[in-house]
Amino acid sequence: MAKIKIDGKQFEVEAGKNLLDTCLELGFDIPHFCFHPALGSVGSCRLCAVKKYKDEEDSRGRIVMSCMEPVTDGLIISTHDEEEKTFRAEVVESLMTNHPHDCPVCDEGGECHLQDMTVMTGHNYRQFDFKKRTYQNQELGPFIKHEMNRCIQCYRCVRFYKDYAGGKDLNVFASNNRVYFGRFEDGTLENEFSGNLTEVCPTGVFTDKTAHKHFTRKWDLSNTPSVCTHCSLGCNTLAGERYGTLRRIRNRYHGDINGYFLCDRGRFGYEFVGSDNRIKEIWKQNGNREVVSSESLSEVLSGAFQEGHNMVGIGSPRASLEANYSLLSLVGTDHFYHGVSAHEYELTKMALDFMQNSGIQIPTLKQMETADVVLILGEDLVNTAPRMALAVRQAARHSMNKDAGAKKIPEWTELAVRDNQPVLSTQIYVATPKKDSLDDVIKQPFRGGYSEIAALASSVAALLDKNAPAADSEHKKLASDIAKALQNAENPLIISGVTCGDKEVLQSACNVAQALLNNDKKVMLGMIFPESNSTGLSLFPGKPLADLFASSEKKPVDTLVVLENDLYRRAETGQVNDFLLKCKQVIVLDQLQNETTVKADVVLPAAVFSESEGTLVNNEGRAQRFYKAIPDGENGQARESWLWLNELKEIKENGFEGWSSLDDVFQSMLNELPAFAALKGKFPDEGFRMLGRKIPRESFRYSGRTSIHARESVSESYPPEDFDSPFAFSMEGQQEDPPSSLITSYWSPGWNSVQATNKYLDKPNGDLKGGNPGIRIFPTAAKSKTSYFKLNGSKSNKGTGEWQLFPVYQIFGSEELSAAASSLSERIKEPFLLLHPDDARDAGIDESTAVQVEIKNEKLTLRVNFENSLPRKVAGVSLQLPGMPFVALPGSGKITKM
Amino acid sequence: MYSILRTLWLTFLHLFHKSETVEYPEVKPYLAPRYRGRIVLTRDSDMNERCVACNLCAAACPTDCISLQAAEGPDGRRYPEFFRINFSRCIFCGLCEEACPTYAIQLVPDFEMGEYDRQNLVYEKENLLISGQGKYPDYNFYKQAGVDMGVKKKGEGENEEKPVDTKTLLP
């Protein structure tokens, strides 16, 4: 700790941090551009100048850059001396000499860090009468708009894109007064985290192209806290609404998960809510399609719920806990099926069981950043859990900091840390079948089929603990390296997941963790699950789909209710066809049209994430609430799934009074399902008030209140009511200091831009004031109750002529909902097969030609892409891309030339 | 007593003064050009809409009676998809005109907007947009701004240098 004096006031703060960081933490408004809490200091903008005094007697002081000044005991500074104020105003004035007169047409206007800083430093009038520098812009793809004239050369974009996210195609060019930030030539920004440039850039150089299509200023958005539904990590987002439609998704800071950054799928995938494929009416389908009014729904469905009918419900790993519970309560526990394949069901249960009972540490993404040895088994992180890949990349940077720290270089001095050791000396081991986005920061890549990966992991486990089941790996040297590194690590992290789909890989990953646990080592295990609520669903009672298909052979299904689930993504086409034919009546609730809704007798339009409310459980078992951004009734007949299921239950049981709000559903879920007992009373319910008032979604500068609906009726009506959440669809209410899970916007006097986030944190890049949101559902066992998995040994496919096929996921396209987003569609590839060029030559297959792939009963026609990194006789099949049927992968299959 | 007589006398004298009453509507009063009356949206010298849908008027409006939505033309030019003023709420304070960075929104000397039906006081863009430049002729925002939105190319604005050659090595 250090005692410092700022503007004559004494503070006791942490020593060794930089002064700007400390001042921001203490709540001082120090103007700054190039400093970003997650990116460190480089001292390039000269705006954060403060005056430092030698001692109490010193009255003149000298100007220093606070971001480059370490906090030491006895430091005396002032932030409001005339000389430093003039200095800062002049810095902004010089930056503004070339900044164009663009604010009215700039998408950053109103949430611009440059605007804020200009006002804060007091440079009110421009005196520069000469010509301004101009640049040509670049076309940067479907996500990002480029307007280079607005640049103030703070270097934040390249520091994020290149150094933080590992992007290769954005850089700084030219010299002198002509410095240019962009690509070498026009083209799509390839990095999966490019969307963060819109928040990192302090001006409007990089702006959100998707939001531009329906642009709304920050103050006009009605914001609601939401949770990303496009992967299992559960990153926090802010959903912005205006005129009844979703306008944009922005990052909502979460100290344990996403921090300041989101991936592009999460940021831009929201556009599916406006897709042409949206279901907005109740359909009765019987060869032709008929629109049904809400009133006559009970008539249409009256036959479906008769006494003695065999009624079955299929839940969904992408629907909320409340929706799944409503279905379970409609059909009864014995008739509730998880809408996942038996394989996925088994793996998820297995992984969760290990996480709960092994006593292992389940890390948050923030904790992953502190790992010193990372072992990734089978998972292509950037495509299955993108934000986790970014966190692991930070683990690499972290080790760089540690090394610098040993040489007394503070870790926040970005450039010095990197110059100290330009080659990363990290201990990240990635064992995957094909090249990985993390390859540039890893110690040694390992490329092999899943059986080799499992064998490698098993021999690592055997080296760590003699009792672990051993396997024969051909890579003894690598195995012993990894084992040694893990053994000596302070904070080892093992990552695997259900998404890779291989039981052996998952089990051997658990065995490595178990071996470390048996050695009394602290170890973290990161698990990746396929969908946003896979974890939550697997805590429900119920059986997998295969059981339902089997039982329907004996006992035909009279009424089938499918909740937000496309069965054709879960089981083979023929199987689903047979099953659906056997069901007398099929009722499907979904948001987008898919093959299952085509086959349904009745389709009910379900609300999307931005129109509904519920709880999702992420990969670490953290339950988080998302809230509706859009009032009911804006999208035709679309309603929240639990409301539909509530209505079906009312039709079925005459006496059922129904749930009146989401809190009722939640309460009865807690009563009925003990797995969720930990959530009791943890979420603010509808009755939550601050100083007797609800929390407003709209900012206090929200405009157009008396005009928006004036076209329909000039008399103003009451704002829509929200009976399910602590929020109001209004600008009235208590806006200051909401609980951390209920933050609707980042704003503070003088800070209109997203940099205001720091005001909501206990310290920059720290935790949210009042704790990070979300509740861990399952307690982890204090002592390990698990034992080693016995492995069956790898099945060799040598000599059979069959190929080892593994699933290849794509960040854009492999997730069902976001694939319908219009901006993503440009980035979605056609279904493909990855082959090693040598293998292809042996088989006489050329690149980009179509081949036939035979996996079990499915025959697919796929286009061949060459991939040099693949091991021989191993091929990757793109999974879940639009147009791909379900195939059970990994497995073996035949590839034939067409 | 004196005061009463004086009052009567002064009142009597008014018989010979010029009348201040104007025979409205036959006679119209003089309204200065900067009188704050009905709100219009103007065009620039090329007869394109001046409004760039920046939302500042709506933000400045104390009665929140302006709402609009930005859209983009084929050449990238920003314009309001719809622009609505609810004159039954408007107090003619002129803050929208002050906030407007492009001189698009202007208050004109016309106050004769009475309606029997309040709904008729909701003006849409087609009611607001005039075919002239209003009080500030020859101002074109896009010539001052740095963006290329179909009006001028990069570097051809009134205060711009030619675009930087990023490949040159010269100082």
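A few notes on this one:
- The angle between the Cα long axis of helix B:2-13 and the main principal axis of chain B comes to about 60°, on a 0 to 90 degree scale.
- Summary of the geometry: region A:521-600 and region A:60-121, compared by the centres of their Cα atoms, lie 56 Å apart.
- Least to most buried among A:Thr596, A:Thr370 (fewest other Cβ within 10 Å first): A:Thr370, A:Thr596
- Potential extension, A:Tyr718-A:His212 segment - 0.36 nm per residue separation minus Cα distance: 179.2 nm
- Shown here are the Rg and Dmax of the Cα trace of region A:222-279, at 11.6, 36 Å.
- Lysine pair count for region A:114-179 [Cα-Cα under 26 Å; pairs on different chains or 8 or more apart]: 4
- A Förster distance of 45 Å, applied to the separation of the beta-carbon atoms of A:Lys522 and A:Lys9, puts the FRET efficiency at 0.65.
- Two-site label geometry, A:Ser480 and B:Leu169: point separation in nm, points 7 Å out along Cα→Cβ: 5.2 nm
- Residues A:Ser848 and B:Arg34, FRET efficiency given R0 of 60 Å [Cβ-Cβ distance, rounded to 0.05]: 0.30
- Modelled this way, with points 7 Å down the Cα-to-C-beta line, the labels at A:Phe173 and B:Phe82 are 4.3 nm from one another.
- DSSP beta bridges fully contained in chain A are about 55 percent antiparallel.
- Within 10 Å of each Cβ in B:71-84, the average number of Cβ atoms from other chains: 2
- Gap separating the Cα centres of region A:372-446 and region A:613-628, nearest whole Å: 29 Å
- Distances between placed amide hydrogens fall under 5 Å for A:Val373 paired with A:Asn491, A:Leu493, all partners being 5 or more residues away or on another chain.
- Peptide ranges A:375-387, A:656-668, A:124-136, B:10-22 listed from the most packed, as the mean C-beta count within 10 angstrom indicates: A:375-387, A:656-668, A:124-136, B:10-22
- Structural descriptor for region A:350-529: relative contact order 28 percent, calculated from alpha carbon pairs under 8 angstrom and at least 6 residues apart.
- Summarised as an ellipsoid, region A:348-441 has semi-axes of 28, 16, 10 Å, derived from the eigenvalues of the Cα gyration tensor scaled by 5 and square-rooted, with the largest first.
- Order of A:Tyr180, A:Tyr718, A:Tyr809 - criterion: other Cβ atoms within 10 Å of each residue's Cβ, fewest first: A:Tyr718, A:Tyr180, A:Tyr809
- Shielding by other protein chains, B:47-53, mean Cβ within 10 Å: 1
- Cα convex hull of region A:613-693, projected area averaged across orientations, nm²: 7.5 nm²
- If the segment from A:Gln734 to A:Arg693 were pulled out straight at 0.36 nm per residue, it would be longer than the present Cα-Cα gap by 14.2 nm.
- The angle between the Cα long axis of helix A:321-331 and the longest principal axis of the Cα atoms of chain A comes to about 20 degrees, rounded to the nearest 10.
- Only helices enter this figure: runs of n ≥ 4 DSSP H residues, each worth -39500 (n - 2.57), summed and divided by the residues of the protein assembly as shown, yield -6500 deg cm²/dmol at 222 nm to the nearest 500.
- Per residue, the average separation of C-alpha pairs within less than 8 Å and at least 6 apart gives chain A a relative contact order of 15 percent.
- Couplings for region A:269-278, taken from phi via the Karplus curve 6.51 cos²θ - 1.76 cosθ + 1.60 with θ = phi - 60°, read x, 4, 4, 4, 5, x, 5, 5, 7, 4 Hz in order; Gly and Pro are left as x.
- Calculated FRET value between B:Arg118 and A:Lys682, using beta carbons and R₀ = 35 Å, to 0.05: 0.10
- Nitroxide proxy distance, nm - points 7 Å out along Cα→Cβ at B:Cys93 and A:Gln285: 5.4 nm
- Centre-to-centre separation between the Cα atoms of region B:123-142 and those of region A:853-873: 62 Å.
- Between the amide H of A:Ala629 and those of A:Glu611, A:Ser612, distances stay under 5 Å, these residues lying 5 or more places away or on another chain, with hydrogens modeled in the peptide plane.
- Across peptide B:55-63, the average count of Cβ atoms from other chains found within 10 Å of a residue's Cβ is 5.
- Degrees separating the helix A:82-96 axis from the principal Cα axis of chain A, which is the longest one: 60 degrees
- Counting every alpha-carbon pair across region B:32-144, the share separated by more than 23 Å comes to 23%.
- What the pair-distance distribution of region A:651-691 shows, using all Cα-Cα distances binned every 5 Å from zero, is 5, 19, 23, 20, 15, 10, 6, 1, 0 percent.
- Burial ordering of A:His335, A:His214, fewest other beta-carbon atoms within 10 Å first: A:His214, A:His335
- Total lysine pairs under 13 Å (Cα atoms) in region B:52-171, excluding pairs fewer than 8 apart on one chain: 6
- Sparsely packed GluC sites (Glu not before Pro) within region A:290-348, loop by DSSP, other Cβ within 10 Å at most 10: A:Glu295, A:Glu307
- Using the average count of surrounding beta-carbon atoms within 10 Å as a protection proxy, the listed peptides B:106-114, A:495-503, A:228-236, A:748-756 rank, highest first, as A:228-236, A:495-503, A:748-756, B:106-114.
- Taking other residues whose beta carbon is less than 14 angstrom from the beta carbon of B:Ala58, and scoring Lys, Arg as +1 and Asp, Glu as -1, yields +2.
- Rg/Rh for region A:803-897 (Cα atoms only, Rh after Kirkwood) is 0.97.
- Region B:32-144: relative contact order as a whole-number percent, Cα under 8 Å and 6+ apart: 39 percent
- Cα-based Kirkwood hydrodynamic radius, region A:2-96, one decimal, Å: 13.4 Å
- Projected area, mean over directions - chain A, Cα convex hull, nm²: 40.0 nm²
Laboratory data are not the source of any read-out in this text; all were calculated from the coordinates shown. As the structure is a prediction and not an experimental result, all values here were calculated from the model. Ideal geometry is used to build each Cβ from the backbone, glycine not excepted, and the neighbour counts take in all protein chains shown.
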